[in-house]
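**Student:** A single structure is presented below for examination.
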């Protein structure tokens, strides 16, 4: 499936792995995925969030505060948590709904929202971001670029 990821989506996952490692975790969670996305304010997901009036730096700081404190040395092996894997699977489904044959950061964002019960999905809902609204914002952001 990784071959279907855009370069920006791959970078976001790579950043998520780096963030997880620096927190001594051997897994990539939905929190790490969103933080990886937010590292690049120019990708479609970040632009979509900005369009929806979410302050990226403040949101990233809020998410960082949900991560456990660093207690372990950085981990070398990385796996996806079940929620992160589900979010990626849902990202693929979202790209298909939009008649696209790739996974971009915008699809990862939609997958994180669709996941529903995790920290990130709840954090996005607290910010007033719902799935249909986000789908429309993604379409506007992509078509504007």
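**Student:** What number of residues within the stretch 78-121 satisfy the criterion of being assigned to a loop (DSSP other than H, G, I, E, B), within 19 Å of residue 49 (Cα to Cα) and without any contact (Cβ under 8 Å) to a residue 40 or more places away in the chain?
**Tutor:** Taking the stretch 78-121 and keeping what is assigned to a loop (DSSP other than H, G, I, E, B), we get 78, 81, 98-102, 104, 116-118.
Those left that are additionally within 19 Å of residue 49 (Cα to Cα): 98, 104, 116, 118.
If we keep only those that are without any contact (Cβ under 8 Å) to a residue 40 or more places away in the chain as well, we get 116.
Residues that pass the stated criteria total 1.
**Student:** Assuming residue 82 fulfils every condition listed in (1) at pLDDT below 90; (2) loosely packed, with under 14 Cβ neighbours inside 10 Å apart from one, which condition is it?
**Tutor:** Of (1) at pLDDT below 90; (2) loosely packed, with under 14 Cβ neighbours inside 10 Å, only one is false for residue 82: (1).
**Student:** Hey, among the residues in the stretch 117-132 that are closer than 16 Å to residue 93 by Cβ and more than 13 Å from the chain's Cα centre (by Cα), which one's surrounded by the fewest Cβ atoms within 10 Å (Cβ to Cβ)?
**Tutor:** Narrowing the stretch 117-132 to residues closer than 16 Å to residue 93 by Cβ: 121, 131-132.
Okay, now just the ones that are also more than 13 Å from the chain's Cα centre (by Cα), so 131-132.
On the way: 131: 15, 132: 8.
Here the answer is 132.
**Student:** Select the helices (runs of 4 or more DSSP H) contained entirely in the stretch 1-60, then report the ones holding at least 1 residues which are under 12 Å from the mean Cα position of the chain (by Cα) and under 15 Å from residue 81 (Cα atoms). If you could, list the steps in order and put the result at the bottom.
**Tutor:** Numbers: elements: 7-22, 30-38, 44-51.
So the answer is 7-22, 30-38.
**Student:** Could you please give the count of residues in the stretch 96-106 that are closer than 13 Å to residue 134 by Cα and buried (at least 20 other Cβ atoms within 10 Å of the Cβ)?
**Tutor:** Filtering the stretch 96-106 down to residues closer than 13 Å to residue 134 by Cα leaves 98, 105-106.
Next, from what is left, pick out any that are buried (at least 20 other Cβ atoms within 10 Å of the Cβ): 105-106.
Counting residues in the stretch 96-106 that are closer than 13 Å to residue 134 by Cα and buried (at least 20 other Cβ atoms within 10 Å of the Cβ) gives 2.
**Student:** Is it the case that the stretch 133-140 has a residue that's within 12 Å of the chain's Cα centre (by Cα) and at pLDDT 80 or above? Give the steps one after another, and end with the answer.
**Tutor:** Within the stretch 133-140, the subset within 12 Å of the chain's Cα centre (by Cα) is none.
So far as the stretch 133-140 goes, no, none of its residues is within 12 Å of the chain's Cα centre (by Cα) and at pLDDT 80 or above.
**Student:** Another one. Only one of 22, 48 is surrounded by 23 or more Cβ atoms within 10 Å (Cβ to Cβ) and out of contact with any strand residue (DSSP E or B) (no Cβ under 7 Å at 6 or more places or on another chain). Can you tell me which? Write out each step before concluding.
**Tutor:** On the way: 22 fails: surrounded by 23 or more Cβ atoms within 10 Å (Cβ to Cβ).
Within the list 22, 48, the selection yields 48.
**Student:** Could you list all residues from the stretch 127-145 that are part of a helix (DSSP H, G or I), touching a helix residue (DSSP H, G or I) at 6+ places or on another chain (Cβ under 9 Å) and without any contact (Cβ under 8 Å) to a residue 40 or more places away in the chain?
**Tutor:** 131, 144
The values are calculated or read from the model by the stated rules, or taken from the named source; none is laboratory data. Here the structure is a predicted model, which is why all the values come from computation and not from measurement. Counting neighbours? That spans all protein chains shown, and the Cβs are built from the backbone with ideal geometry, glycine included.
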